[in-house]
1. Within region 312-336, which residues are more than 11 Å from the ligand (Cβ to nearest atom) and either over 18 Å from Leu272 (Cα atoms) or modelled with pLDDT of 95 or more (or both)?
2. Of a type in the set (Phe, Trp, Tyr) and farther than 28 Å from Ile242 by Cβ, is that true of Phe13?
3. Looking only at region 31-61, count every residue that is in contact with a Ser or Thr (Cβ under 8 Å, 6 or more places away or on another chain) and open to solvent by 20 Å² or more (accessible area, probe 1.4 Å) and tell me the total.
4. For region 269-306, give me the residue count where each residue is more than 9 Å from the ligand (Cβ to nearest atom) and assigned to a helix (DSSP H, G or I).
5. Do we find a residue being open to solvent by 20 Å² or more (accessible area, probe 1.4 Å) and within 12 Å of the ligand (Cβ to nearest atom) anywhere in region 230-244?
6. Looking at region 201-229, which of its residues are aliphatic (A, V, I, L, M) and either within 22 Å of Pro287 (Cβ to Cβ) or crowded, with 17+ Cβ neighbours inside 10 Å (or both)?
7. Would you be able to say whether some residue in region 287-297 is touching a helix residue (DSSP H, G or I) at 6+ places or on another chain (Cβ under 6 Å), free of Cβ contacts under 8 Å to residues at least 60 places away in the same chain, crowded, with 20+ Cβ neighbours inside 10 Å and closer than 24 Å to Ala25 by Cβ?
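The values are calculated or read from the model by the stated rules, or taken from the named source; none is laboratory data. Quantities reported herein were computed from a predicted structural model and do not represent experimental measurements. Cβ coordinates were reconstructed from backbone atoms using ideal geometry, including for glycine residues, and neighbour counts include every protein chain displayed. The accessibility values were calculated without ligands, DNA or RNA, using every heavy atom of the protein model including side chains. Shrake-Rupley method; radii C 1.70, N 1.55, O 1.52, S 1.80 Å.
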Amino acid sequence: MSLLEVKNLKVHFPVKHGLFSRVKAHVKAVDDVSLTVESGETVGLVGESGCGKTTLGRAIIRLLDPTAGQVLFNGEDITRLTQSELRSRRRQFQMIFQDPYGSLNPRMTIGQIIGEAIDIHNLAPNPTARRERISNLLKDVGLDARYADRYPHEFSGGQRQRIGIARALAVEPKLIVCDEPVSALDVSVQAQIINLLMDIQREHKLSYLFIAHDLAVVEHISHRVMVMYLGHVVESAPSKTICRNPLHPYTQALISAVPEVDPDSKRKRILLPGDVPSPINPPSGCPFHPRCPIAEARCKTEVPALREIKPGHWAACHLAGESGASGAKAPGPAGA
Ligand code: SF4
């Protein structure tokens, strides 16, 4: 049994209009997404801003109520739990947010912020044990235990993200949804936080759902990567496989945008035309067809299923796996 199993999850938001707030349409932020995360595994979720990855992460831990589908955590469907039932399960799944400053209460000391989580779940029998637990958590994330009496504004962005990680760890979760945890940080600090997350994972046998728009970061930390486009998963594979041999034209374009260290590299940038279409009125057929450099007539009418093209490598493209649809052959319409 997987630690987390998401089945056919949908999150649709109503768009209301007029005097009587009639529902005119729905924003299909997440549309029929299925995934699994095993114990001790990191699954990376990558895609452009607005593709639905953050909404998916929030729906998985019930910060948002899904429209349809199931989220099985250790086999239990948490979409059906009442708020009070959910409260007792919540310590098993936590979230680390993108904005380390905005997610910390500026009026509380670091000790109070971390202690609040410990108190809610009664994880310290007395004040001495509570203090000791807070000190150990701060040390675990590379901070001085004396920082417990200070306030969030006294820390740098990287330190604040470490505090956010300590707060998440305080309740001994099994899964942490990391929502763009390094995208607001300097590049040098990003590497420190990624390494910290990997060390903590080994030590605490944690699982991560790691959401980011930067494929290079996701590849480094993830065992498996899923690529999202317009609310759908379009490709999923082990991280090295997806980065070396992407099958979906959208993934190929994303990878072509990752800066390369090798100055002799012959890789060409694939520039996609236009913007991501509106999820209120998504394109017919393959949602990627208006921007796809190799689209065919049937792509406008037939929705491609997410198929297992090679063992463990899934793609939602009519041409994936056919000769002529590989990364090398996919021409950029405006290849630079
Ligand atoms: Fe492109 Fe067609 Fe494949 Fe969609 S199904 S990614 S439009 S080739």
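1. Residues of region 312-336 that are more than 11 Å from the ligand (Cβ to nearest atom), as a first pass: 312-314, 323, 326-329, 331-336.
Scanning region 312-336 gives Gly312, His313, Trp314, Ser323.
2. Working: of a type in the set (Phe, Trp, Tyr): yes; farther than 28 Å from Ile242 by Cβ: yes.
Yes, satisfied.
3. The qualifying residues number 5.
4. 1
5. In the first step, residues of region 230-244 are kept if they are open to solvent by 20 Å² or more (accessible area, probe 1.4 Å); the result is 232, 238, 240-241, 243-244.
Next cut, within 12 Å of the ligand (Cβ to nearest atom) only: 232.
For region 230-244, residues open to solvent by 20 Å² or more (accessible area, probe 1.4 Å) and within 12 Å of the ligand (Cβ to nearest atom): present.
6. Filtering region 201-229 for residues aliphatic (A, V, I, L, M) gives 206, 209, 211-212, 215-218, 221, 225-228.
Of everything in region 201-229, those that are aliphatic (A, V, I, L, M) and either within 22 Å of Pro287 (Cβ to Cβ) or crowded, with 17+ Cβ neighbours inside 10 Å (or both) turn out to be Leu206, Leu209, Ile211, Ala212, Leu215, Val217, Val218, Ile221, Val225, Met226, Val227, Met228.
7. Yes, some residue in region 287-297 is touching a helix residue (DSSP H, G or I) at 6+ places or on another chain (Cβ under 6 Å), free of Cβ contacts under 8 Å to residues at least 60 places away in the same chain, crowded, with 20+ Cβ neighbours inside 10 Å and closer than 24 Å to Ala25 by Cβ.
Conditions (1) within 15 Å of Leu169 (Cβ to Cβ); (2) among the polar types (S, T, N, Q); (3) assigned to a helix (DSSP H, G or I), marked per residue:
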{"position": "Leu86", "(1), (2), (3)": "no, no, yes"}
{"position": "Pro100", "(1), (2), (3)": "yes, no, no"}
{"position": "Asn105", "(1), (2), (3)": "no, yes, no"}
{"position": "Gly115", "(1), (2), (3)": "yes, no, yes"}
{"position": "Asp119", "(1), (2), (3)": "no, no, yes"}
{"position": "Ala124", "(1), (2), (3)": "yes, no, no"}
{"position": "Ile134", "(1), (2), (3)": "yes, no, yes"}
{"position": "Lys139", "(1), (2), (3)": "yes, no, yes"}
{"position": "Gly142", "(1), (2), (3)": "yes, no, no"}
